[in-house]
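Readers should treat all values here as calculations from the given coordinates under stated rules, not as data from a laboratory. Remember, predicted model here, so these are calculated numbers, not experimental data. Using ideal geometry, Cβ is built from the backbone for each residue, glycine included, and neighbour counts are taken over all protein chains shown.
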Amino acid sequence: MASPVLPKLVGQRVKRREDPRLIQGRGTYVDDVKITGMQHLAFKRSDIAHGRIRSIDTSAAEAVDGVEAVFTGAQIAEFLGPMPIGTPFPSPDHRAVASDVVRYVGEPVAVVVARDRYVARDAADAVTIEYDPLPVVVDPEQALTGQPAVLHADFPNNAAVGPLPSGTGASPKAVDDTAIDQAFAEADVVVSQRMVNHRLAPTSIEPRGVVAHYEPGKDAMTIWSSTQNPHILRTFIAALTGLGQDQVRAIAPEVGGGFGSKINIYGEEYVAAALSKRLGLPLKWVEDRSEAFLCTIHGRDILAYVDLAARRDGTVLGLKLRLVADIGAYNMLLTAAIPTLTMTMASNVYAIPAIRATLTEVFTNKTPTDAYRGAGRPEAIYFVERAMDMLARELGVDPAEVRRRNFIPSDRFPFKTQTGAVYDSGDYAKALDRALEKAGWEGLKAERDAARAEGRLVGLGLSMYVEVCGVGPSSGLPTGGWEHSQVTVERDGRVSATTGASPHGQGNETTFAQMLADQLGIPMEHVRIHHGDTGVVKQGIGTFGSRSQAVGGAALHLAGGKVKKKMAKFAAALLEAHEGDLVFENGTISVKGSPSSAKSFADVAGYAYRPVKLPEGLEPGLSEEAFFEPSNNTYPFGCHIAMLEVDRDTGEPRLLKMVAVDDAGHLINPLIVEGQIHGGLAQGIGQALIEEVAYSDDGQPLTGSFMDYAIPRASDFPRFELESTVTPTPVNPLGAKGVGEAGTIGSTPCIVSAAVDALSGFGVRHVDMMLRPERLWRVINGGQA
Amino acid sequence: MARVSITVNGRKRSAEVETRLLLVHFLREQLNLTGTHVGCDTSQCGACTVLVDGRSAKSCTVFAVQADGAEVTTIEGLADGDRLHPLQEGFWEEHGLQCGYCTPGMIMSAVTLLHDNPAPTEQQIRDGLDGNLCRCTGYQHIVNAIQHAAASGSGR
Ligand code: FES
Ligand code: FES
């Protein structure tokens, strides 16, 4: 028994097991799936933002050589019902393919089935459509006047939701403003600002795609999709194609990024499934990038009127947040729920005694919005942190100090905010202190001042954030707030485990294998993690809201614990020992204190499948499953600091330094965590500096390709400087909080605050994102931001 | 239709193709070399990058007929049998990928980057990647990966 001692892997920077196939071009993404007889779909899409379809002529398309069929929206409606949503809010009729009115540029109006994608595209281009144009509205506040357009007859003034009140004294029955009014009456200082958290395109580098294969002989459907949640896809595809969930197998192959945009079940997926069933053919559709900008959901697009009341010493007394969310033309799966998270997180890391938040969601002639990395929390943190920065400036206090004065103290957790969130755990002062130290805050201030003395426009920004992850329990999530795992010790002692947390770059095959290897005392190479296939993974929800570890990892841990317990019973019988005295390590199971009394892990596994003397009360085999539902969400937090310079001549901002201290609780693999934070920072900084979805007044998208919509490049960033603090959560057995969205949430406000600081000599208090050089140049040259 | 003959990963491949067929689709659809990806339609993302006659090129911006007679290397042909290319090693060692979709193109671009400049500075690496977009990593680990490969002498 001289086997080498296996290292503990949890907490180590373990190289990813996913990588060998991906760096050699051997991954299988949805566009790599080919099935004999497969045909291709292409969609004809509206090129106007609002109009009534007068006529559709598909004859030229049908005449193209290689075309199998062409369907209009009206024809599709004969066998495909309306698009479902996953929130309890009222929703207008929404069809995968429009049949009478189009409401945004890019909305599908017809679909072609053809031999290959070139032919399908040719034929889609040959479909001719005549529209009676309708008035267009793109400004959400204007849309609320009901002029010049109402998108959906049942929603007067285009109000999709609300106004919904939240915060102090808000109950379903009445709203009592006494406390908030009093806070503002007592205040020495009130800062007020209208701010826009503008529209973004999620832009995974792999566009969306789907292959639907209905096999008439089996009366069963297999659907491959670039999705974050194959089990949810299965549920909805079954419902809309009239099949049972047992008849649908959904597969998420390699998924090339999602960032929330691939939570949704899109019209193209429903159409592919329904047409495959109708035609008895395997069908593929893969999105072009220019389609992605039109038809994959957008994110953010919330404007806020923020009022913050405080005493002269910096103590915040009250916050008012009036939110208007521009959700575009329709509700998608979670659309209406996302901006409610902005209300929920309005207290940020502060003990604000009175809060009034109100939310109105508005239909406009734009692409629908939904979850994009952060989903409602970046907006909340941006509004509050910009206001805190304005307060600091107004009072002439260091921005770090005004924040510190208002922190929820570390001994007051669980802490219930005025908007109803119950924060699990936190130590905000620790994160702030670590960030100030890491950045060398005082030194940076001196550096900034020295640069200014030379005439350079250098600024510093700091932001604190807390966000909500690992959403559960089920009362908080329409899909259910649990996750599932099954762990099987095979006859040879190898381990197969499933997880419903279907990854798209998060590295679960690695982190989950690290965890099981430690738990069972076996080499990581003996553990394989299966995911992304409802034919293999019995149950699951999916990967979003930074929930893989906090919920999926916890389910895996519980299932692993169950199988270990059962295995101990078999081992106890073999070793004639008490099961409580067994030690699992280095691939053996031994009796504590007498290491010579041991069996190899593989031998015990083999015995469990052929128990010549079955221990009483035990079934043969080693395969256990667990559903884990957390009692509460987790609330990771952190502090980000940025230093930025604005070019005096051109207004161009340049990020000089970016420090991020994040607390996600216990970390399984710090290497992967760093990657998640880097990616999040890139997107948060991208929003502040260069990303913006723009529309003309007549609803034409002005950012329809990578030529117009800038996602950050390597040269846009300095080297990020990271550090972690660790405050475990009590709501799951791992103490892990989740880290996927943190970087996006914390970074944006500190970049904008740094720009405002850089331009403070010009009397500016706030500049809306994105920080277009022209906008900053105008500030420098005496105009309005 | 036109006849093309292209040497791909050392093997000569001939086919009748539509003259409008993009090289990337020739590789993916006709040769089943699906490691080369498509991420855009305006020649910006670089997911489709391959080597044409030894230099990186965006295969979405080349017609198959333009590559007639050329030598093309895709990600599938980069390793030396079982031995990974130093850039592949670097990406693995340094966690240079998450979803992996941009990765083949990143690696193929980096081959030319290191060929032209075997010991680049960090800024030169960042500038050299301007034709490749990654939405997952924030680029820092990609930079580390290329530095790792450079340190092992990949560019020589
Ligand atoms: S697919 Fe070639 S550059 Fe994007
Ligand atoms: S790793 Fe996902 S796009 Fe680069």
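Other protein chain C-beta atoms within 10 Å of residue C-beta, averaged over B:84-96: 4. Across B:GLY105, B:GLY46, B:GLY96, mean-square fluctuation computed from a Gaussian network of chain B (C-alpha pairs under 10 Å connected) peaks at B:GLY96. Farthest towards the positive end of the charge dipole of region B:3-156, among the residues B:LEU113, B:GLY77, B:VAL65, is the Cα of B:VAL65, using unit charges on the Cβ of Lys, Arg, Asp and Glu.
Among the cysteines of chain B, those whose beta-carbon sits 4.7 Å or more from every other cysteine beta-carbon are B:CYS99, B:CYS136. Over 30 Å between Cα atoms, which of A:LYS218/A:LYS613; A:LYS262/A:LYS538; A:LYS277/A:LYS562; A:LYS218/A:LYS284 qualify? Too far apart for the 30 Å limit: A:LYS218/A:LYS613; A:LYS277/A:LYS562. Shown is the FRET efficiency for A:ASP176 and B:THR19, computed with R0 = 60 Å from the Cβ-Cβ distance and rounded to the nearest 0.05: 0.25.
Report the one residue of A:ALA238, A:ILE302, A:GLY440 whose Cα lies farthest in the direction of the positive end of the charge dipole of chain A (charges on C-beta: Lys and Arg +1, Asp and Glu -1; origin at the Cα centre). Checking the options against the dipole of chain A, the answer is A:GLY440.
Dipole size of chain B about its Cα centre, with +1 on Lys/Arg Cβ and -1 on Asp/Glu Cβ: approximately 260 debye, rounded to the nearest 20. Of the trypsin sites (Lys or Arg not before Pro) found in region A:271-319, the ones in coil according to DSSP and having at most 13 other Cβ atoms within 10 Å of their Cβ are A:ARG312.
Counting only Cβ charges, +1 for Lys and Arg and -1 for Asp and Glu, the dipole size of the protein assembly as shown around its Cα centre is about 1380 debye. Across region A:670-678, coupling constants 3J(HN,Hα) worked out from phi with the 6.51/-1.76/1.60 Karplus curve, θ = phi - 60°, read x, 5, 5, 4, 4, x, 4, 5, 3 Hz, and Gly and Pro carry x. Peptide A:674-685 is shielded by partner chain Cβ atoms: per residue, an average of 5 of them sit within 10 Å of its Cβ.
Bridgeable aspartates and glutamates around A:LYS15 (alpha carbons under 15 Å apart, same-chain partners fewer than 8 residues away excluded): A:GLU509, A:GLU525, A:GLU674, B:GLU89, B:GLU93, B:GLU94.
Between the Cα long axis of helix B:140-151 and the first principal axis of chain B there is an angle of about 90°, rounded to the nearest 10. Assigning unit charges at the beta carbon (Lys, Arg +1; Asp, Glu -1) and nothing else, what dipole magnitude in debye, to the nearest 20, does region B:2-77 show about its Cα centre? Computed about the Cα centre, the dipole is about 100 debye.
Each part gets one Cα centre, and for region B:92-152 versus region A:207-224 those centres are 37 Å apart. Most simply put, region B:2-77 has about 90% antiparallel DSSP beta bridges, counting only bridges with both residues inside it. Rounded to the nearest 5, the antiparallel percentage of DSSP beta bridges internal to the protein assembly as shown is 80%. Contact order for region A:290-373, expressed relative to its length and based on alpha carbon pairs under 8 Å spaced 6+ residues apart, stands at 41 percent. Over chain A, Cα pairs under 8 Å with separation of 6+ residues give a relative contact order of 15 percent. Calculated mean residue ellipticity at 222 nm for the protein assembly as shown: -8000 deg cm²/dmol, from DSSP H runs with n ≥ 4 weighted as -39500 (n - 2.57), summed, divided by the residue count and rounded to 500. Listed by chain and number, the lysines whose alpha-carbon sits under 26 Å from that of A:LYS657, ignoring those within fewer than 8 places in the same chain, are A:LYS430, A:LYS438, A:LYS445.
The trypsin sites (Lys or Arg not before Pro) found in region A:30-67 that occupy coil by DSSP, while having at most 15 further C-beta atoms within 10 Å, are A:LYS34. Residue by residue, region A:338-353 carries 3J(HN,Hα) couplings of 4, x, 5, 5, 5, 5, 4, 9, 5, 7, 6, 8, 10, 8, 8, x Hz when phi is fed to the Karplus relation 6.51 cos²θ - 1.76 cosθ + 1.60 (θ = phi - 60°); x denotes Gly or Pro. Mean per-residue shielding of peptide A:11-21 is 3, counting Cβ atoms of other chains within 10 Å of each Cβ. To the nearest ten degrees, helix B:103-116 and the longest principal axis of the Cα atoms of chain B are 70 degrees apart. Take each peptide in A:338-344, A:497-503, count the other Cβ atoms within 10 Å of every residue, and average; sorted highest first, the result is A:497-503, A:338-344. Could you tell me the center-to-center distance, by alpha carbons, between region A:351-416 and region A:472-537 in angstrom? Region A:351-416 and region A:472-537 have Cα centres spaced 35 Å from each other. Couplings 3J(HN,Hα) of region A:511-517, computed from phi: 5, 5, 5, 4, 5, 5, 4 Hz, in residue order, whole Hz [Karplus 6.51 cos²θ - 1.76 cosθ + 1.60, θ = phi - 60°; x for Gly and Pro].
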